[in-house]
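Here the structure comes first, spelled out in structure tokens, and everything after it is commentary.
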Amino acid sequence: MTIWDTLVGQKPVIEALSRAANGQGMSHAWLFTGPPGSGRSNAAIAFAGALQCPEGGCGVCHECHTVLAGSHADVAVIRTEKLSIGVDEVRDLVRRSALAPVGRRWQVLIVEDADRLTEQACNALLKAIEEPTPRTVWMLCAPTVEDVLTTIRSRCRLVTLTTPAPADVAAFLSRTMEIPPTLAEYAARHSQGHIGRARALARDESTRNRRREVVAIPTRLTSLGACMHAATQLVEAAKAEAEQITGELDQREKVDLDAAYGVVERGRRPRDYGPALAALEKGQKTRAKRRILDVVDRALMDLVSVYRDSIALGTGSGAALVNEELRPDLERLVRVSSPEADLKRIDAIFTAREQMLEFNVPALLALESMMVALRLPEGSRS
């Protein structure tokens with residue numbers, strides 16, 4: 001066992017980071033990029049553990065364990081449930097970066113989702129990276145280098161992760177979760193290399209059922225009414241799943257707030273309770289919106305996999321199908337459409353994704369427009 005066991009299919013990255021942890025090519029700032037689920041933040045945390053470990057990442061010492069557990073005094077991770085990371089959060093990290101590490105090694109500051117930094121937050125971070133303290137290491141994580149401000153990424157050493165192969169993901173599930181080989185292969189194939197998604201598919205039947213409902217959508221889009229219905233169902237399902245995830249957390253935060261202000265004990269609300277409650281509710285609303293978009297985004301990637309499979313069949317490429325069990329439906333798509341039309345459908349999916357994530361278009365509106373663009377040609381009903 002080593003600190004790198006959480007990384008799947010990333011051998012070149014592990015080798016490069018291991019060398020850096022041993023003093024070969026070390027830098028004060030790093031940028032980890034890679035597709036969703038490739039393990040960007042896991043790589044950064046593992047690297048932080050290797051930097052703190054006397055053995056360069058043994059995986060069993062106190063330093064390795066505390067870094068992986070998120071309790072190491074000299075490793076801070078900033079992550080957000082919001083749509084963006086604000087300047088106040090970054091300023092807290094910048095202030096911490098100016099301090100000497102508690103231990104004898106490094107002060108490591110990890111920013112997950114660095115692509116969500118606001119402009120003010122980027123400016124605050126840039127100065128800290130330009131003028132680093134001697135034993136401070138910054139690690140930023142983002143999907144691509146283009147998602148990070150040019151002046152920031154130019155000061156970072158780039159680490160690029162790739163999408164893990166299905167065989168590597170399946171082996172990881174079997175090794176770490178004792179998943180039966182058949183189910184591990186199923187989850188690995190349908191996750192499309194997303195480790196977190198693969199875990200969920202492997203251990204939760206309801207997650208597998210929700211995915212089955214999503215990938216069944218393309219062959220049903222034979223009328224305008226069917227398109228509107230599919231969009232509404234997708235949004236409602238996303239809201240229900242997001243509520244299931246956030247509802248309990250929201251309630252617990254409210255209880256903690258009431259306890260902090262002594263509302264229950266006093267039987268009344270202090271003057272400053274109102275603004276605190278308003279701030280909490282605002283944050284919870286933003287988090288719920290982020291969760292809904294995350295669930296919808298995952299469904300969009302499942303839809304893309306269907307059209308990708310249809311293209312593979314239509315062109316006779318011989319590529320392995322993500323949705324092999326849907327072969328009859330895929331063959332029907334091939335009969336009533338064309339690879340060129342499926343490429344346009346994939347483009348429509350990514351357009352809807354951009355509208356929701358980048359331009360704040362309401363999810364239902366974006367999905368209705370997308371579903372119409374996915375509609376099958378006239379006369380294609382089964």
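Confirm whether R175 is part of a helix (DSSP H, G or I), surrounded by 13 or more Cβ atoms within 10 Å (Cβ to Cβ) and either at negative phi or in contact (Cβ under 8 Å) with a residue 60 or more places away in the chain (or both).
no
Scan E81, E15 and give me the residue that is of a type in the set (D, E), open to solvent by 70 Å² or more (accessible area, probe 1.4 Å) and in contact (Cβ under 8 Å) with a residue 24 or more places away in the chain.
E81 is the lone residue from the list that is of a type in the set (D, E), open to solvent by 70 Å² or more (accessible area, probe 1.4 Å) and in contact (Cβ under 8 Å) with a residue 24 or more places away in the chain.
Consider V90 carefully, then state whether it is at pLDDT below 95, under 30 Å from T246 (Cβ atoms), under 19 Å from the mean Cα position of the chain (by Cα) and buried (at least 18 other Cβ atoms within 10 Å of the Cβ).
No: the conditions fail for V90.
Sort out for me the helices (runs of 4 or more DSSP H) sitting completely within the stretch 1-93 that have 3 or more residues that are in contact with a Leu (Cβ under 7 Å, 6 or more places away or on another chain). Walk me through it before giving the result.
Values: elements: 11-21, 40-52, 62-69.
Output list reads 11-21, 40-52.
Got a sec? Which of R345, R327, R332 is under 11 Å from P218 (Cα atoms) and surrounded by fewer than 19 Cβ atoms within 10 Å (Cβ to Cβ)?
Unique residue meeting the criteria: R332.
When the residues of the stretch 94-106 are narrowed to those that are touching a Leu at 6+ places or on another chain (Cβ under 8 Å) and open to solvent by 50 Å² or more (accessible area, probe 1.4 Å), which ends up farthest from A288 (Cα to Cα)? Reasoning before the result, please.
Step one: list which residues in the stretch 94-106 are touching a Leu at 6+ places or on another chain (Cβ under 8 Å), which gives 94, 96-97, 105-106.
Okay, now just the ones that are also open to solvent by 50 Å² or more (accessible area, probe 1.4 Å), so 96, 105-106.
Numbers: R96: 29, R105: 39, W106: 36 Å.
Top of the filtered list is R105.
When residues of the stretch 206-258 are filtered for being closer than 24 Å to L333 by Cβ and hydroxyl-bearing (S, T, Y), how many remain?
4
Across the stretch 29-54, what is the number of residues that are more than 25 Å from the chain's Cα centre (by Cα) and open to solvent by 40 Å² or more (accessible area, probe 1.4 Å)?
Going through the stretch 29-54 one residue at a time, the tally reaches 1.
Is it the case that G225 is modelled with pLDDT under 95 and either farther than 29 Å from A373 by Cα or out of contact with any Ser or Thr (no Cβ under 7 Å at 6 or more places or on another chain) (or both)?
The answer is no for G225.
Quick one: which residue in V102, V67 is modelled with pLDDT of 95 or more and either closer than 30 Å to T150 by Cβ or not assigned by the TED database to the domain that holds M177 (or both)?
V67
Quick one: how many residues across the stretch 136-147 are in contact (Cβ under 8 Å) with a residue 12 or more places away in the chain and open to solvent by 10 Å² or more (accessible area, probe 1.4 Å)?
Within the stretch 136-147, residues that are in contact (Cβ under 8 Å) with a residue 12 or more places away in the chain and open to solvent by 10 Å² or more (accessible area, probe 1.4 Å) number 4.
The values are calculated or read from the model by the stated rules, or taken from the named source; none is laboratory data. None of these values were measured; they are calculated from a predicted model. We place every Cβ from the backbone using ideal geometry, glycine too, and count neighbours over all the protein chains shown. We work out accessible area using only protein heavy atoms, side chains counted, and drop any ligands, DNA or RNA first. Shrake-Rupley method; radii C 1.70, N 1.55, O 1.52, S 1.80 Å.
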